[in-house]
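The values are calculated or read from the model by the stated rules, or taken from the named source; none is laboratory data. Predicted model only: the values in this text are computed from it and were never measured. Here Cβ is always computed from backbone atoms with ideal geometry, including for glycine, and neighbour counts include all displayed protein chains.
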Amino acid sequence: EAADVAGISAEAADDDGVGLATKLKMGTLEAHKAAETVHFVREFIKGKVPRDVYAQMVVNLFHVYEALEEALDRCADHPMVDPLHFPDELSRAEALAKDAEFFCGAAWRETTVPSAVTREYVRRVQRVAEDAPELLVSHAYTRYLGDLSGGQVLKRAAVRGMKLPQDGSGVHFYTFRRIADAKQFKNMYRARLDALSADTTAADRMVVEANIAFALN
């Protein structure tokens with residue numbers, strides 16, 4: 001495993017005055033920049049991703065979000081998870097299932113398989129949920145805030161590049177129907193991150209886990 005997931009402290013202690021949201025942002029800057037500059041993303045934004053490659057990405061993302069959202073639901077009562085658990089607003093698995101059916105057909109669950117990296121990602125999320133549920137915060141932060149921040153650009157690129165229908169078919173993943181103002185929601189989410197009772201050690205481990213999430217993305 002990329003890092004041990006046991007033993008994180010959730011007690012407020014000698015905090016260094018920097019909020020968790022800022023620590024996560026600053027601590028994942030390099031990983032975030034690397035993710036934005038990989039060949040796939042550059043080609044995606046240009047509208048040059050082949051349909052079959054995009055379809056596999058949708059399938060992979062479904063398995064990631066299914067695992068993450070099952071874990072978040074299971075650990076929803078955890079004091080570090082509960083303030084950041086917004087299943088109605090954020091859950092993506094159902095939308096991704098619709099997109100997978102659009103690209104791969106009604107039997108997509110039987111005819112497709114997630115990639116090896118995706119299977120590793122799923123195992124990581126499941127282990128975190130079992131051993132240190134508070135680290136699910138890192139995975140939720142990495143996935144959902146990224147979706148809310150860059151989703152509309154990627155949606156337009158997908159529609160344009162693959163000449164998709166204008167009714168949202170194939171790109172339900174990028175539509176958050178229960179979030180009226182993405183910027184306002186992200187600000188609220190970051191404020192809740194900062195309000196978590198995470199001491200310096202806990203915050204540092206969350207940053208490590210967020211970087212693992214980026215690496216498996």
Worksheet item: From the residues in the range 172-197 that are without any contact (Cβ under 8 Å) to a residue 24 or more places away in the chain and either surrounded by 13 or more Cβ atoms within 10 Å (Cβ to Cβ) or hydrophobic (A, V, I, L, M, F, W, C) (or both), which one is farthest from GLY19 (Cα to Cα)?
Response: ALA180
Worksheet item: Among the residues of the range 56-67, is any charged (D, E, K, R), assigned to a helix (DSSP H, G or I) and within 13 Å of HIS139 (Cα to Cα)?
Response: yes
Worksheet item: Which residues, taken from the range 68-83, are over 18 Å from ILE212 (Cβ atoms) and in a helix (DSSP H, G or I)?
Response: GLU69, GLU70, ASP73, ARG74, ASP82, PRO83
Fill in: Condition check for VAL49: modelled with pLDDT under 95 and closer than 22 Å to LEU216 by Cβ
yes
Worksheet item: What pairs come up if the first residue lies in the range 59-82 and is farther than 21 Å from ALA191 by Cα, the second is modelled with pLDDT under 95, and their beta carbons are under 9 Å apart, counting only those six or more places apart or on different chains?
Response: VAL64/LEU216; VAL64/ASN217
